[in-house]
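Just below is one structure, and these are the notes that go with it.
The values are calculated or read from the model by the stated rules, or taken from the named source; none is laboratory data. Note that the coordinates shown come from a computational prediction; the quantities given were computed from them, not determined experimentally. Here the Cβ is made from the backbone with ideal geometry for all residues, glycine too, and neighbour counts use every protein chain on show. Heavy atoms of the whole protein, side chains included, go into the accessibility calculation; ligands, DNA and RNA do not. Shrake-Rupley method; radii C 1.70, N 1.55, O 1.52, S 1.80 Å.
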Amino acid sequence: METDIEQEIAPTIRSLSRSFLTQHPFKSVKLFESLAPNEVAMLLESHPVEVSVGLWGFITPGFSDAVFACFELKFAEQLLCHLESHLAIALLSRVSAEHQQKLLTRIGTHNPGLQKEMTELLAYPPNTAATLMVTHVQAFHESATVKEVQRQLKQHLKHIQHTLYVLNDEQHVTGEFTLADLIKSASANLVGHIARPVKVTLSAMDSKDEVIEKFEGYRCDAIPVLDAQQRLIGLVRFFDVFESTKIDLASDMQTMVGASKDEQALSSSWFAVKKRLPWLQINLLTAFAAAAVVGVFEGLISQVTALAILLPVAAGQSGNAGAQALAVTMRGLTLREITIRDWPKVLVKEMSAGMLNGVAIALTCSLAVYLWSQSIGLALVIALSMIASLIIACSAGAVVPILLKKFGMDPAQSSSIVLTTITDIAGFMSFLGIA
């Protein structure tokens with residue numbers, strides 16, 4: 001008897017439920033947050049997909065991902081096809097690669113055009129905020145209590161981030177708080193009251209340079225990433241940017257000397273040869289240019305053979321000084337401590353450093369040369385050439401990477417080879433020219 005009654009009133013209950021979900025979406029979502037994700041998924045699957053579409057814009061990131069993961073593939077596919085494109089892409093970007101591929105494949109069987117559009121929208125350009133972000137992000141409504149948030153987080157222990165976000169009724173980020181803030185707060189407090197204003201946000205298409213500049217300027221642990229509709233789609237953590245910058249610095253070290261960024265310590269010899277040989281050939285040409293400078297002073301060298309002995313000293317010191325200036329400038333460009341506009345300051349600083357180091361090296365070197373040759377003239381020549389060549393070398397070390405960046409080239413791309421040519425010529429020319 002009871003079973004018959006339940007069967008009779010079941011359609012009425014579903015109808016009332018559907019009416020409530022459709023007419024009161026925000027209240028419905030607030031009630032959902034007291035349920036487990038699988039229970040919410042079962043409830044939504046019992047209604048036409050249009051009901052879920054109307055509710056989805058009110059469900060916060062994190063909880064929506066958990067609910068979506070509980071849907072059957074067929075219902076999940078239907079939901080993605082009916083959602084606005086920015087909501088569908090944000091949702092797809094936060095699921096696992098395997099699940100994402102399954103859904104795109106199913107969509108492609110019924111709507112190849114939509115599959116192509118979604119695939120293109122999911123492919124962010126390299127070196128943008130979207131490629132650096134973590135998509136497992138948790139956000140909560142301003143009216144949620146600390147107790148409610150803690151209960152939700154216990155259901156997502158696998159993907160909890162240190163920084164959590166607060167959203168208003170339009171799903172826009174209004175504040176942020178940490179797990180520590182949550183633990184210290186009373187259970188009845190609203191998260192909207194314990195949250196702090198967000199210092200800065202990122203657009204999904206912001207360049208990596210802009211991301212680093214914002215972390216440098218605002219000194220925060222994480223920055224939220226927003227889509228074109230100003231909705232939260234992820235966050236970029238300082239740790240991830242730091243790791244990415246370390247990789248960039250390591251790659252720059254290789255490219256500065258003509259090795260490819262793609263080459264690794266255990267790459268094949270043939271791969272290494274293909275990547276290195278072109279730059280070695282270029283370096284050979286520049287070495288001939290330096291040799292031509294020496295050739296101009298062939299007669300002088302034949303008369304004063306001591307000059308030939310001291311040539312490596314002049315070239316070696318200028319090369320080392322230039323390499324130091326280059327390394328510091330490259331680090332500044334990579335970490336965004338300096339920009340192209342700062343070139344006058346960098347140049348003056350390196351020229352001053354080159355002159356002071358040159359004077360110190362000149363005193364030591366001239367004393368050694370005098371004790372060896374007993375020639376005041378030779379000692380004076382090496383002293384003056386050290387000062388001149390170190391000033392030129394340090395200036396070149398600062399200017400070369402900045403010029404490459406100015407002309408739209410990779411400032412790390414074999415700048416060491418270019419610098420070596422300049423420092424060799426400067427060392428030889430200053431030493432032999434003064435002699």
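Just one of the numbered conditions (1) open to solvent by 60 Å² or more (accessible area, probe 1.4 Å); (2) closer than 16 Å to H159 by Cα; (3) of a type outside the set (S, T, N, Q) is not true of K74; which one?
(2)
If I ask for residues that are open to solvent by 60 Å² or more (accessible area, probe 1.4 Å) and part of a helix (DSSP H, G or I), which ones from the range 129-145 would you list?
T131
Could you identify the single residue in E170, E148 that is charged (D, E, K, R), in a helix (DSSP H, G or I) and surrounded by fewer than 19 Cβ atoms within 10 Å (Cβ to Cβ)? Show your work before the answer.
Working: E170 fails: in a helix (DSSP H, G or I).
E148 is the lone residue from the list that is charged (D, E, K, R), in a helix (DSSP H, G or I) and surrounded by fewer than 19 Cβ atoms within 10 Å (Cβ to Cβ).
Provide a single number: the residues in the range 176-185 that are at pLDDT 90 or above and not charged (D, E, K, R).
Going through the range 176-185 one residue at a time, the tally reaches 1.
Of all residues being assigned to a helix (DSSP H, G or I) and of a type in the set (A, V, I, L, M) in the range 1-30, which is modelled with the lowest pLDDT? Just the residue, please. Working first, answer last.
Filtering the range 1-30 for residues assigned to a helix (DSSP H, G or I) gives 2-23, 25-30.
After this cut, where a residue has to be of a type in the set (A, V, I, L, M) as well, the list is 5, 9-10, 13, 16, 21, 29.
Working: I5: 45, I9: 53, A10: 57, I13: 66, L16: 73, L21: 82, V29: 82.
Within the range 1-30, the match that is modelled with the lowest pLDDT is I5.
With respect to I434, is the statement that it is among the β-branched types (V, I, T), closer than 21 Å to L307 by Cα and open to solvent by 40 Å² or more (accessible area, probe 1.4 Å) true?
The answer is yes for I434.
Could you check how many residues of the range 318-338 are of a type outside the set (A, V, I, L, M, F, W, C), open to solvent by 60 Å² or more (accessible area, probe 1.4 Å) and assigned to a helix (DSSP H, G or I)?
Counting residues in the range 318-338 that are of a type outside the set (A, V, I, L, M, F, W, C), open to solvent by 60 Å² or more (accessible area, probe 1.4 Å) and assigned to a helix (DSSP H, G or I) gives 3.
Can you run down the residue pairs with Cβ atoms below 6 Å, 6 or more apart or on separate chains, where the first is in the range 120-147 and basic (K, R) and the partner is in a loop (DSSP other than H, G, I, E, B) and open to solvent by 20 Å² or more (accessible area, probe 1.4 Å)?
K147/S187
For L103, are the conditions met, namely being at pLDDT below 85, in a helix (DSSP H, G or I) and not aromatic (F, W, Y)?
Criteria not met by L103.
Quick check on the range 106-128: of everything there that is open to solvent by less than 80 Å² (accessible area, probe 1.4 Å), of a type outside the set (A, V, I, L, M) and not in a helix (DSSP H, G or I), which residue is farthest from K74 (Cα to Cα)?
Across the range 106-128, the extreme among qualifying residues is T128.
Does A69 satisfy the condition of being under 30 Å from the mean Cα position of the chain (by Cα) and modelled with pLDDT of 85 or more?
Taking the combined requirement at face value, the residue satisfies it.
Failed condition for P344, given (1) open to solvent by 60 Å² or more (accessible area, probe 1.4 Å); (2) closer than 30 Å to Y218 by Cα, with all others met?
(1) is the only condition that P344 fails.
Which condition breaks for V95 when tested against (1) open to solvent by 20 Å² or more (accessible area, probe 1.4 Å); (2) assigned to a helix (DSSP H, G or I)?
Condition not satisfied by V95: (2).
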